[in-house]
Amino acid sequence: MEALVEFDKQGRGVAGRLTAALRTAIEQRRLPAGSRLPSTRELAADLGVSRGVVVEAYEQLVAEGWLVGRRGSGTTVAAAVPVREATATVDFVPVGLLPLRPGVPDLGLFPRAAWRRAYEQVLTTMTDAVLDYGDPAGPLAVREQLAAYLGRVRAARVTAADLLLTSGAAQAFTILSRMLLAAGHRCVAIEDPGSRGVHDQLATALPVLPVPVDDQGIEVDALSRSAARAVVLTPAHQFPTGVVLSPARRAQVIAWARRTGGLIIEDDYDAEFRYDRDPVGCLQGIAPDVTVAVGSASKALAPALRLGWLSAPVEHLPAIRTQQRSIDLGGPALEQYAFAHLLGSGGYDRHLRRARRTYRTRRDALVAALTEFLPGMPIHGVAAGLHLVLQLPAGVDDAAVAVAARRAGLAPVALSACRLTDGHPGLVLGYAAHTPDELTAAVAILAGIVRSA
Ligand SMILES: Cc1ncc(COP(=O)(O)O)c(C=O)c1O
């Protein structure tokens, strides 16, 4: 226990520092949900502090909802940890559009002229009622347009009635996590490695359970052995490894959901960008009864639009709508209508075709530069998306490489930063936002850093 809670035992405010250390240990899952804490007497002896200090810390954490104390059965970590107030006060530090940063499209490709035309059309033709509070799930006409697009391009089986527009995929995950908690789920499984952002959004309501990913995608056997009855997946292009979920695993995960009454939450965040063939249809299209589809325009257009959506099996819709209404009274209707206009006019398809061509050339340039400057290092996940993974030799500290790269003006992400458990080191490298020459120059610098590591 002493190794789990490190804090300064000297001076005033010891109980406060112990409380904070315990809270951090719970938040970081070093004290997992349901685990039993030592008695106040034992912990006081263990840590070398007075029993009163431990009693005060336990009482505070019970009051905040982190711990559950029951007479006779001791003190345990709560199944659902409370919302982290602290995240609201963390300052935002922009990374900037540095070379190799994953997760951003080329913002210079944003279809400004088409967007201006679409927005103008909305302003010119809309009634005043559009400016009123509307359905928090978004205007029906926009959802109809989006449902048609998702059916055509992603082979999704959705209708306007089961779609909700959200503030990015991020809000969809926050809504879904709360919905799962209200429905009695005790945890939600995620891919490991996976997206830190998605992890944090889910963790606002539920403990998150990491399930390993191999070269076929999520290990469904491990998922089956876990307590989770809901899982968030990135089947089209696993984030960050880039693995496309194999047909066998697709079938296996759908069978798991149908057998256990489980729910698959499909994060279809960058599926439009597939380079070697047409994009594989989404999982929701073959298993709409057990799949929630989550999507976003952040990679296809721009993150600043905050345009996302989710579509769920009908029995979950009332609870999801309730959660959305409790979070916000609706999204930005004018942008949503403009988006619908872009979808309906073919402008979105044209933009995607152009972006796909550009990104393919950039991906090829990045792969060529890596092959030249860092020969022999395996490259994964090149078939789709806006990033790939460079595998580093075992024992290399990828976090240290990422820090050194940042000092050199590059922004790769360490694979270890995407993991909840140990695994092979690597770098997640974005290529969408820079020209082939810029990428080649970046790799030349990166190679020096990697070699000296
Ligand atoms: C795995 C994954 N899912 C979803 C998103 C999209 O998030 P949003 O729509 O909230 O911008 C991202 C963006 O970085 C992501 O990496």
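Brief remarks follow.
- Options Val188, Val220, Val253, Val211; residue that is in contact with a helix residue (DSSP H, G or I) (Cβ under 8 Å, 6 or more places away or on another chain) and within 30 Å of Asp328 (Cβ to Cβ): Val188
- Within the stretch 92-127, being of a type in the set (Val, Ile, Thr) and either part of a loop (DSSP other than H, G, I, E, B) or closer than 30 Å to Val403 by Cβ (or both) holds for Val93, Val95, Val104, Thr127.
- Hits in the stretch 182-196 - residues which are acidic (Asp, Glu) and more than 11 Å from the ligand (Cβ to nearest atom): Asp192
- When residues in the stretch 204-241 are screened for being under 11 Å from the mean Cα position of the chain (by Cα) and more than 22 Å from Tyr275 (Cα to Cα), 1 of them pass.
- Restricting attention to the stretch 270-297, the residues that are within 9 Å of the ligand (Cβ to nearest atom) and under 15 Å from Leu146 (Cα atoms) total 4.
- Only helices (runs of 4 or more DSSP H) whose full extent lies in the stretch 297-398 are considered here, and the ones with at least 2 residues that are within 17 Å of Phe273 (Cβ to Cβ) are 347-373.
- Selection of the stretch 224-238 for residues being under 24 Å from Arg186 (Cα atoms) and within 11 Å of the ligand (Cβ to nearest atom) yields Val232, Leu233, Thr234.
- Verdict on Gln238 being within 20 Å of Leu317 (Cβ to Cβ), polar (S, T, N, Q) and modelled with pLDDT of 95 or more: no
- Here is the figure for the stretch 399-453: residues that are within 22 Å of Ala384 (Cβ to Cβ), in a helix (DSSP H, G or I) and under 19 Å from the mean Cα position of the chain (by Cα) total 3.
- Only one of the numbered conditions (1) away from the ligand (no atom under 16 Å from the Cβ); (2) under 20 Å from Trp309 (Cβ atoms); (3) hydroxyl-bearing (Ser, Thr, Tyr) is violated by Ser246, and that is (2).
- With respect to being more than 13 Å from the ligand (Cβ to nearest atom) and either out of contact with any Gly (no Cβ under 8 Å at 6 or more places or on another chain) or within 28 Å of Tyr133 (Cα to Cα) (or both), Ser345 fits the description.
- Residues of the stretch 274-296 that turn out to be part of a loop (DSSP other than H, G, I, E, B) and under 18 Å from the mean Cα position of the chain (by Cα), as a count: 1
- In this structure, Ala442 qualifies as touching a residue at least 60 places away in the same chain (Cβ under 8 Å) and either over 28 Å from Pro111 (Cα atoms) or surrounded by 19 or more Cβ atoms within 10 Å (Cβ to Cβ) (or both).
- Cβ separations smaller than 6 Å between residues 6+ apart or across chains give the following pairs from the stretch 291-304 residues that are in contact (Cβ under 8 Å) with a residue 24 or more places away in the chain to residues that are part of a strand (DSSP E or B) and within 7 Å of the ligand (Cβ to nearest atom): Val294/Asp267; Ser296/Gly308.
- Pairs linking a residue in the stretch 50-68 that is surrounded by fewer than 14 Cβ atoms within 10 Å (Cβ to Cβ) to a residue that is among the aliphatic types (A, V, I, L, M), with Cβ atoms under 8 Å and 6 or more positions apart or on different chains, are Ser50/Ala44; Gly52/Ala15; Gly65/Ala78; Gly65/Val81.
- Residue list for the stretch 301-313, filter: surrounded by fewer than 21 Cβ atoms within 10 Å (Cβ to Cβ) and more than 10 Å from the ligand (Cβ to nearest atom): Pro313
- Summed over the stretch 256-269, the residues that are away from the ligand (no atom under 16 Å from the Cβ) and in contact (Cβ under 8 Å) with a residue 24 or more places away in the chain give a count of 7.
The values are calculated or read from the model by the stated rules, or taken from the named source; none is laboratory data. This structure is a prediction, so every number in the text was calculated from the model and none was measured. Don't worry about glycine lacking a Cβ; one is built from the backbone with ideal geometry, like all the others, and counts go over all protein chains shown.
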